[in-house]
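Please read the structure below before turning to the comments.
The values are calculated or read from the model by the stated rules, or taken from the named source; none is laboratory data. Everything quoted here is computed from the prediction, not taken from an experiment. Cβ atoms come from the backbone with ideal geometry, glycine included; neighbour counts cover every protein chain shown. All accessible areas refer to the heavy atoms of the entire protein, side chains included, with ligands and DNA or RNA removed. Shrake-Rupley method; radii C 1.70, N 1.55, O 1.52, S 1.80 Å.
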Amino acid sequence: MTETIERTTQLEALLVGGPTLRLRYAGRTFLTDPTFDEPGVYPGPVTLHKLVGPAVSAAEVGPVDIVLLSHDEHDDNLDHSGREFLKTVPTVLSTPGAAERIEGVRGLESWETATIDGIRVTAVPALHGPEGCEPLTGFVTGFVLQADGQPTVYVSGDNASVDLVGQIVERIGRIDIAVLFVGAANVDRFGDIDITLNAHTALKAAELLGDAVVVPVHGEGWAHFSETLERLEREFEYGGRAGQLRIPPLGKTVAV
């Protein structure tokens, strides 16, 4: 475990709120799923309610080299201000569908790798609900970052499947830091089945990830999250993995 902690100090993280996390990695600045709107209501097939605004404004985030966009179809992962923010970023990686819908986005198929300034970014599978959910929830991607002399970082995106986490570990190998989208999101499309990781499934994913540091995001700020970060913390404590969990503070830059 000591080796892992020493290696992961090379990653700097700033949680803006929701799924939006700024990562400084291998000399470049990444941002996941940009959301900078103030609280509001987002009508649609499912109406979403944003409860908390960003802890850090887009201007305060500063220049970003690469956006990792898990999907573009839900406002809690890409809101109005986030769409404007994409226009300021040289490289935006996402799903092939997002590339068709948004100018300037590069779509990656699952297991496809883009190399940017020596950083290998591999798209990995994600499932935004139960098997067969895609017609309702759309296609989502996760990402794995790798670079020489740097920790391997997994960003799950809105993934609810523990089995897919196992497949990613089997194919990629050791993961040092796992950014897991949690919160047990539930918009009542699949009954009691959550469409992101809940505390129990996040713990199961952590078990598959070995001694990777787990950084939970997307667990606050929206009404459709059915679990709190306190519940997640308690589940990891009961499961004997409290030391593996690093809950990032809102609006404060930390080393992971």
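For the chain, a crude dipole built from +1 on the beta carbon of Lys and Arg and -1 on the beta carbon of Asp and Glu, taken about the Cα centre, is about 500 debye to the nearest 20. Quick one: what does P(r) look like for region 46-85 with 5 Å bins over all Cα pairs, in whole %? Reading upward from the zero bin: 6, 16, 28, 29, 15, 4, 1. Since only Val153, Thr137, Ala178 are under comparison, the one whose Cα sits farthest along the positive direction of the charge dipole of region 118-196, derived from C-beta charges on Lys, Arg, Asp and Glu, is Val153. Mind running the shape call on region 1-120? Use the C-alpha gyration tensor, a ≥ b ≥ c as the square roots of the eigenvalues: rounded below 1.5 for a/c, prolate if a/b tops b/c, oblate otherwise. Since a/c reaches 1.5 but b/c is at least a/b, the shape of region 1-120 is classed as oblate. Ordering of 241-248, 83-90 by packing is 241-248, 83-90, highest average first (other Cβ atoms within 10 Å, averaged per residue). Look at the dipole of the chain built from charges on Cβ: of Thr29, Ile195, Leu78, the Cα furthest out on the positive end belongs to Thr29. Using a/c under 1.5 as the rounded threshold, could you call the chain rounded, prolate or oblate? The axes a ≥ b ≥ c are square roots of the C-alpha gyration tensor eigenvalues, and prolate needs a/b larger than b/c, oblate otherwise. Cα axes put the chain in the rounded bin. Run the accessible area of region 122-222 with a 1.4 Å probe and give the carbon-and-sulfur part as a rounded percent. That fraction is 48 percent.
Set the Cα radius of gyration of region 153-256 against 2.2 N^0.38 Å, with N its number of residues, and you get 1.01. Across Arg231, Arg101, Arg22, the residue with the most accessible area heads the list, and the full order at a 1.4 Å probe is Arg101, Arg231, Arg22.
Just check region 121-166 against the gyration tensor rule for me: Cα atoms, a ≥ b ≥ c as the square roots of the eigenvalues, rounded for a/c under 1.5, and otherwise prolate or oblate depending on whether a/b exceeds b/c. Note, shape of region 121-166 comes out prolate. Note: relative contact order over the chain, using C-alpha pairs below 8 Å and six or more positions apart, is 20 percent. Here the ratio of the Cα radius of gyration of region 80-204 to 2.2 N^0.38 Å is 1.09.
Put a plus charge on the Cβ of each Lys and Arg, a minus charge on the Cβ of each Asp and Glu, and nothing anywhere else: the dipole of region 35-116 about its Cα centre is then about 60 debye.
The residue list Leu232, Ala212, Trp222 was ranked by how far each Cα lies along the charge dipole of region 192-256 toward its positive end, using unit charges on Cβ atoms, and Ala212 comes out on top.
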